[in-house]
Amino acid sequence: MRLLEYEGKELFSSYGIKVPRSRLAMDAREAAAAAREIGFPAVIKAQVLSGGRGKAGGVVVVQTPEAAASEAGRILNLRVAGEPTRSLLVEESVDHVEELYLSVSLQRERRTFVALASRSGGMEVEASARGAMLELPVPLEGLSPEACRDFSGRLGLDGPVGSELSGVLERLERLAREKEAELAEVNPLALLRDGTFIALDSKLVLDDNALFRHPEFSRLPPEDPLEEVASRSGFAFVRLDGDIGVVGNGAGLVMSTLDLVADSGGRPACFLDLGGGAQRERMEAAIRLVLRMPGVRSVLVNIFGGITETVDMAEGIKDAASGGGIPVFARMRGQDEEEAWGILESSGIPVFARSEQAVEAAVRGAAP
Ligand code: GDP
Ligand code: MN
């Protein structure tokens, strides 16, 4: 199991390895608020399991809340090595004088951990360059402070800086051993002007076969941040494997809409039930969530409102759908429906009175 950067940094922090102040953000608005709280310049980082984010444009420094929002929007649409970005880490920017590479990994053939380090860490370090690194085999009982000091010395770091580095190595090695990690990597480990170190990145791979001994990791939020958003918003949300996002109010209505989609030859991408009393913001949040799902090619919103305010919901659909390249189709019945239809039609969102018509349009809209 791989951890996301922010999960790895939480673990680093619990082992006494310093990390930048940060906050997780799920959308552009949250990212701007987080950056404002953390202060500028701030760093916005795609939370994906793949590496190479820096080169892919998934790590940027921003100077203003406006830049934070627009860069966050861009990165949320970015794929890193094919992997969609579902959340962002907003961090304080840390001034540093050097970037090191430091890792502890399991060497299966030797049945031990080995520590690797280099004074030239950062984005240029590739797997192939690891051969050129300093290596320290870890005995079964772990690394002694003396061994860590000695290793720092081999890297050319003595005195107080050397002790700082050996402290980081001791902690990283203990983390890897105790948590049964296959890899615990810090790249870059930044050396600050005051001679201390801070982990600017984390890469943690845990041994799946040992996870049963570590219930703490099963308490991690689901690896799917969209499910987190959905549960925070109080939506009932289930991912399916098609390409038509289905949103509605009421579990029965959403279920029957899924059936209609399947009957028309379409494949639903999700089940999303807004729940009762849905209003503008919830509708907007629901559609934004669906639009962020990888592989969604059209969105179908099916609302049957008795007491539900269709006008409010239409405004929410309009807010979320504007500017996106993915077509949204709606079926809407209920109080003030004519006014709601007007709002949708005037913003280019096809709206229908009958579910079957909306389903057909959404299926056509998803066709390549
Ligand atoms: P990766 O490319 O996926 O490994 O992403 P990293 O987290 O390593 O970030 C890429 C690069 O961005 C790092 O090598 C750093 O040079 C730089 N970087 C990341 N965080 C900070 C920061 O807080 N301050 C500064 N100045 N640079 C950062
Ligand atoms: Mn990195």
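Any read-out appearing in this document is the output of simple, stated calculations on the displayed coordinates, not a laboratory observation. These numbers were taken from a predicted model, which means no experiment stands behind them. Positions of Cβ are generated from backbone atoms using ideal geometry, with glycine treated the same way; all protein chains shown enter the neighbour counts.
Of note:
- Note on region 52-191: percent of Cα-Cα distances in each 5 Å bin, starting at 0 and stopping at the bin with the largest distance, equals 2, 9, 16, 18, 16, 15, 11, 8, 4, 1, 0.
- Cα-based reach from LYS55 at 26 Å (exclusive), listing lysines while leaving out same-chain residues under 8 positions away: LYS9, LYS18, LYS45, LYS203
- With the simple spin-label model, which puts each label point 7 Å out from Cα in the Cβ direction, the GLU10 to SER163 separation comes to 3.3 nm.
- Compared with the alpha-carbon gap, the fully stretched path from SER347 to ALA251 is longer by 31.8 nm at 0.36 nm per residue.
- For region 126-221, the equivalent ellipsoid derived from the Cα gyration tensor has semi-axes of 25, 15, 14 Å, listed largest first.
- Linear extension gain, ASP263 paired with ALA236, 0.36 nm per residue minus alpha-carbon span: 7.4 nm
- Taken over the alpha carbons of region 46-90 as equal point scatterers, the Debye sum produces base-10 log I(q)/I(0) values at 0.21 Å⁻¹ of -0.60.
- Per-q log10 I(q)/I(0), the chain, q = 0.07, 0.10 Å⁻¹ (Debye; single scatterer per alpha-carbon; no solvent): -0.40, -0.71
- Percent antiparallel among DSSP beta bridges (both partners in the chain, rounded to 5): 70
- Evaluated on region 1-112, the Kirkwood hydrodynamic radius is 14.9 Å, with distances taken between all distinct Cα atoms.
- Rounded FRET efficiency, nearest 0.05, which uses the C-beta distance separating LEU183 from GLU356 and R0 of 45 Å: 0.30
- Set of region 68-104 residues, backbone N closer than 20 Å to the point 7 Å along the Cα-Cβ line of ARG119: 96-103
- Two-decimal Rg/Rh across region 206-274, once Rg and the Kirkwood Rh are taken from alpha-carbon atoms: 1.15
- Lys, Arg +1 and Asp, Glu -1 on Cβ, resulting dipole of region 123-265 about Cα centre, debye, nearest 20: 380
- Helix 159-179 vs. the chain, principal-axis angle (Cα, 0 to 90°, nearest 10): 60
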